[in-house]
Structure formats: structure tokens, C-alpha cells
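The values are calculated or read from the model by the stated rules, or taken from the named source; none is laboratory data. Just so you know, these numbers come straight off a predicted model, no measurement behind them. With ideal geometry, Cβ positions are generated from the backbone for all residues, glycine too; neighbour counts draw on all protein chains shown.
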Amino acid sequence: MRRNTVAALTATGLLALGLSAPRAAAAEEPRIDLRVLVVDNGDSPVEAVTAQLRSTGIPYTTVDLNDADRPTITAAFLSDTVNGRPRAKYQGVVVPDETPFGAGSAEQTALENYERTYGIPQVDAYTWAHPGVGLDYTSEGGWAGGLDGREASVTAAGRAGYFGYLDGALTFEDNDASVLESYGYVARPRTGFTSYVDLPVPAGSGRGSLVGEYRHDGRRELVVTFAYNQHQQHFRVLARGIVEWLTQGVHLGQTRNYFAVHVDDVFASDSRWDTERNCTPGDFDCVGGDGEGTTPIRMTAEDAVYAARWQRERGFTLDMVYNAGSGEAWKNEHGGTDALTDRLLADRAEYRWINHTYTHPFLGCEQDTSTVPWRCAKNADGSTRYMSRADIAAQIRDNHNWGVTKGLPLDRTELVTGEHSGLKTLPQQPDDNPHLAGALADSGVKWIASDNSRDPAQRAVGAALTVPRHPMNVYYNVGTEEEMADEYNWIYTSRADGGSGVCETNPASTCLAEPLDTATGYDEHIVPQEARTALGHVVSGDPRPHYVHQSNLAEDRTLYPVLDKVLADYEALFADNTPVQNVSQNAIGTELQRRAAWQRALANGSVTAYRIGSAVTVTAPSGTRIPVTAPEGTVQQLLIGTTAFGTPYAGERSAWTTPGTLQSALQLKLPS
């Protein structure tokens, strides 16, 4: 009698966790390894879900259907026993469609039996609407066709479940009217199907599903009926929900949405684009005229007042990347007073501040400007002539000391060099200045900014690490919207249309169909495009900061329309439980460092993670910070007692954490 009671209670506990009691050992909780099986046919939807697993930090095993030597899917491949306990080797399965091995085949049968036995969810990355996935055919009140520009919504069931981090409409990308970017099947659910994301049926009535759960035959499938790739924003927005459903909200790794904006050259001025010569006076390749010819762009005190007010209204903090020496020189040239500096210092506590060197010199090789493009000057023995360690350290030290005397809230470990100089600059300077690492160590710098477009991977510079930054396509050398559109036209139009033609020769670029109207082009074309690019970084969980320049806060204040759109679009999509993370360079560098260490640990096979009922156990190399996501109510089990686990985000709790004192493994207890 007692044995039967225990078996019944055990089965009830499994069902509460979304698991089925294994038929072979109903009285014993199975071990479910925290790893995902990906069955890959090479199509973009599977690759997209895999990219989300990888960026989140979830371990996975790939079975390549195009590989003749791939393993065969059998019961032994999917499960075994550990110390007599049944083990499911995968907590979830990603497949191209509902029957990747063929209906009724031995491999398909093995997979389906495995999912029934252990309650393992399956994501059908992309399939068509038909009764086999719980949907009516599209001919039965549904529709199939291009989804570009169409607006979908998360249903009440989706918001109550793993898509609850979204609360607004989701628009499918439509970046090019001449290209079909998304195709899908909008269909009516049948019995057993719960829609999570739907769309009004085009040319019909009612709504049809695009993403939903089909429960049948003791199995659960997340059915996705639209095509996508990992870069499309509509997938990026839904990717979190797909993966959380797949793992039932318990997995290794975590992901949050980040947005930080660095404003370079604060206190300095920036050169202005010459709309007649189509170049920037002062640049080595800008010839003609008197070498200057335009008025430099510099913020005013009124611009600083606006910046502080904008921050307060948006609840968003800018990182002011400052050059004190350049500001002091400007003040000396203008009667010894500077209302801009006074205003920024009065509001110093409202910003984050980052050292940008005292006078913004080039910290790499000595530049020989006798040729265009410039080249590195050479010593008599043919070696490259570099700025010295002492001179680099002085630029960092003097700027930091000025900030300390002015009461700026500084972090000595953060640095942005002028033009990211000192770091390698291709093609002229293929290596870092060999004196840079020593100067960083002398100055206590641990995080040095790099340009993500040229140097995207975090890497070591001596004991310091780089923090790659995304350049925003809001130019440093313009103060007005018309100047911005004019320079944009020069770069992105063909020679026949009066442009530079660079877009015709650069394979990474695309020419505009016609030049922008300089009176309206910034607001109508550039702002939406740049905001979409930045938002794409945010919703993909990329923590890298973006950077602009103080000129973008001056005159027409060209930056604000872009930031306003990014923040407004984000707020329209995401629920209050998923706020954008606006953090410091130090925090971003640390996040990137931890991610890299975690990926190395996974690649080395040195992480073991599983759950048995409500208990989660993770072992990793000593000192490794372990990223975990779990439901609200999860606690960390210590030697004595428990402590709350993680911090809330997107309806769950997550953290980078370590085992408790005197424990060799991280132990979590999930809510009942």
C-alpha cells in the first residue's frame, strides 16, 4: 500500500513540472539533463533557434541530418540510467518540422517515445498548417502568404505563459518592398492546440495561429508556421519565449536586453562636414580651401540642460566620455569661461562618466600624413614609431585627475581612447601599440573600448580587456539634420546620382535608389533605419554599448530622435517585467568576460547540469560563474538553509552565481 502511494505522489510531482512519469520506473524521479537536442537540416529556422540557445548560454547537441555519419536516433542515444536512475539526456528537442526522420520511421518512433516517457517538449522550427500539427488547413478559413509588414499579437494564453514578457503588437519586418522577407501560414487551431501568437486572417475573418502549443498523444510540440532567420527582428523578439517554452523556464544561461550609449568628445568640439567639398576639413583626405572652412560643432549650456532633462524624462542614463584638456583649451581661447562645462559639472551626478584621455591624441603609431591614406612613421631601423608608454599614461592620468578634482563619479578601470587609438588600426597599424598594455596597467585600466565594426570580439590588451562598441550611424561631423542627410547621400548614392560611389564598390554596402531629400531625409529614412539597427542589438541580448559624439547633442540634437524611437519601440513591445538594462562599461565588460568563460567551459565539456524533480544540480570548473534561469520562487540550497536565487527579469529569475560555501555544486530548489 505504501509503495503504491509513493508512486502516485511521484507521478503527480512529475506532472506538476511538466514531466511524464517514466513507464519503466514510475516510483523514481528521472534525471533530466539540462541540455537541448537540435536536429538540424541546415535551414534558417533551426539555425535561428540554435543561435538563441548559444547566445543564452544553453548547452546543446546537434545532429546534422545532412551528415552521412551522424548518430542514429535510438532509445540508447536519448536516454540511459545513472546509478540506477533513469536519465533523459535532453530537456528539450528542436526539429525542423514535426517529422524530421519521416513518419513511422524507427528514428521518429524512438524520438516520440522518448518525449512521451520523459515529458520532453519539442519545437517544430517551421512547418505548414495541417491537422498533423493541430491546425486546420489554410483552405479552411486560414491563409498563406507573405507576412511582411503585418502585425501579430501575443494571445492571452501566450501572455500567461512563456511569452508574458511581451505586451504589444509585433510587426514583421518589411525592409525592402521588392523582397519577400517572411512567409507564413495563418491557421485556425483544432482541439488540443493553444495559440500563443496570432494574426488577423488576411482576406478572411477571425484570427489564426503563427506560434502555438499542440498537446497530443502524450506529447507537446511548439508549432511555428512562419519562416525566419536569426537576424530578423520579429524572430529576435519571440526567441526568448520559444526557448523558455522549450526548457520550461529551467535552463543554464541567461539573457537580458541591454542598451547603453556613450557620448564621446564631451567638453571638446568636433569638425563639421563641408557640404560643398564633401569632406571634413582637418581630415587628411580633405583637400582644397583653407584646410578649415567650417565652424566646429560644440554643445552649449542649453544643450546640456536639455540632455539632463531628457534623461530624467526617459529614465535613461548617457555615458559622458570626456576630454578635459580639450575643454580647458577651448575655455582659454574664449575668455576663460565656459558655460557648457559649468552646466555639465553642475549636473555631474546625473550621468556616468568615462575617461577619454586629456586631449584626444592618437595613441598608436606616429601618423605620417604625407600620403593619403596616412601611414605609420618609421624609425631609422625600419621599425614602427609609436607613442610612448609614459605619454599614453599621462593622457589617461591627467584626464582622470581633472575629473576627480571636479567631483565626477568616475570608475578608474574604464577607458575610451580617441578613435579607439592605441589598439590595432587596419590596414596601417595591424598590431596594438606595444606600449599600450603597460600604460593601461600603470593607470589601473581594466576595460578599454574598441570599435565593434572593426574589432568585435572581446580580447586581452595586457591585463585589460576590450569592450567592443557599436558605432551608431549618426555622424560625428554634423550638427544639423540637413548636414547629416547630405553626408549620408555622399556615402550611399552612386556616382551617377552625385555620390561618392563607395556603395557601388563596397560589397557590404547598398546604394540608395535615389538621394534623400536633405530637408526630410533624416527624419524619414535615417532615423527609422538607425533605430531599427540599434533595437535589433537590444532585443538580441547584445550588451555591447553604442557610441555617438557630443556633436549629436548639439545644434539640431540629431541623436534624440533615434534614441526616442528605440526606447519607444522597445516599450511598446515589452512588458514592464522586462526593462532595458542600461549599465556601465565595467558591467558590460564583465558580462562579456563571463559569457566567454562560460562558453569555454561548455566547449570543454566541463559542465554537468541536471534536475531531479524540483532539485537542480550544476557542477562547473572551480571559480566559474554559472548562469542559470529558473522560475519565480526558486531558492538556492545551502549547506544549512536556503537563500533567494537570482533577480527577476522577464517573468523569471536569473543570475551568474556559484556554489554555496563548502559546496562543490550549485544546488537550486524549484517551486512546487
Single unsatisfied condition, Asp342 versus (1) touching a strand residue (DSSP E or B) at 6+ places or on another chain (Cβ under 9 Å); (2) among the acidic types (Asp, Glu); (3) surrounded by fewer than 21 Cβ atoms within 10 Å (Cβ to Cβ): (1)
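State whether the residues of segment 123-144 include one that is acidic (Asp, Glu) and crowded, with 19+ Cβ neighbours inside 10 Å. Walk me through how you get there before you give the answer.
Restricting attention to segment 123-144, the residues satisfying the condition of being acidic (Asp, Glu) are 124, 136, 140.
Filter again for crowded, with 19+ Cβ neighbours inside 10 Å, leaving 124.
Yes, that holds for at least one residue.
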Residue count for segment 273-300, restricted to those that are closer than 24 Å to His470 by Cβ and either in a strand (DSSP E or B) or modelled with pLDDT of 95 or more (or both): 3
Count of residues meeting criterion [surrounded by fewer than 23 Cβ atoms within 10 Å (Cβ to Cβ) and touching a residue at least 60 places away in the same chain (Cβ under 8 Å)] in segment 628-645: 1
Residue within segment 442-452 that is in contact with a His (Cβ under 8 Å, 6 or more places away or on another chain), in a loop (DSSP other than H, G, I, E, B) and in the same structural domain as Ile396 (by TED's automatic domain parsing) present: yes
Of the criteria (1) within 27 Å of Asp542 (Cβ to Cβ); (2) touching a residue at least 40 places away in the same chain (Cβ under 8 Å); (3) part of a strand (DSSP E or B), which one Arg87 fails: (1)
Any hit, segment 349-357, residues being free of Cβ contacts under 8 Å to residues at least 12 places away in the same chain, crowded, with 18+ Cβ neighbours inside 10 Å and either in a loop (DSSP other than H, G, I, E, B) or not assigned by TED's automatic domain parsing to the domain that holds Gly605 (or both): no
Strands (runs of 3 or more DSSP E) enclosed by segment 154-262 - at least 2 residues per element that are under 28 Å from Val580 (Cβ atoms): 193-200, 207-216, 219-224
Some residue of segment 301-318 being surrounded by fewer than 17 Cβ atoms within 10 Å (Cβ to Cβ), polar (S, T, N, Q), at pLDDT 95 or above and in a loop (DSSP other than H, G, I, E, B): yes
Any chance Ser500 is surrounded by fewer than 19 Cβ atoms within 10 Å (Cβ to Cβ) and more than 28 Å from the chain's Cα centre (by Cα): yes
Residue tally, condition surrounded by fewer than 20 Cβ atoms within 10 Å (Cβ to Cβ) and touching a Ser or Thr at 6+ places or on another chain (Cβ under 6 Å), over segment 361-392: 2
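Take Asn229 and tell me if it is within 24 Å of Ala51 (Cα to Cα), in contact with a helix residue (DSSP H, G or I) (Cβ under 7 Å, 6 or more places away or on another chain), surrounded by fewer than 22 Cβ atoms within 10 Å (Cβ to Cβ) and not basic (Lys, Arg).
On the way: within 24 Å of Ala51 (Cα to Cα): yes; in contact with a helix residue (DSSP H, G or I) (Cβ under 7 Å, 6 or more places away or on another chain): yes; surrounded by fewer than 22 Cβ atoms within 10 Å (Cβ to Cβ): yes; not basic (Lys, Arg): yes.
Yes, satisfied.
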Near pairs, Cβ below 9 angstrom, 6+ apart or cross-chain, from segment 115-129 (closer than 17 Å to Asp40 by Cα) to any residue that is among the basic types (Lys, Arg): Pro121/Arg219; Pro121/Arg220; Gln122/Arg219; Gln122/Arg220
Those residues of segment 91-108 which are more than 11 Å from Leu65 (Cβ to Cβ) and under 26 Å from the mean Cα position of the chain (by Cα), in sequence order: Gln91, Gly92, Val93, Val94
Total residues in segment 366-390, condition in contact (Cβ under 8 Å) with a residue 12 or more places away in the chain, out of contact with any His (no Cβ under 9 Å at 6 or more places or on another chain) and of a type in the set (Gly, Ala, Ser): 1
Qualifying residue in segment 131-146 (condition: in a loop (DSSP other than H, G, I, E, B) and within 34 Å of the chain's Cα centre (by Cα)): yes
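Does Gly57 meet the test of being surrounded by fewer than 17 Cβ atoms within 10 Å (Cβ to Cβ), among the small types (Gly, Ala, Ser), under 35 Å from the mean Cα position of the chain (by Cα) and closer than 30 Å to Arg256 by Cα?
So Gly57 does not fit the description; no.
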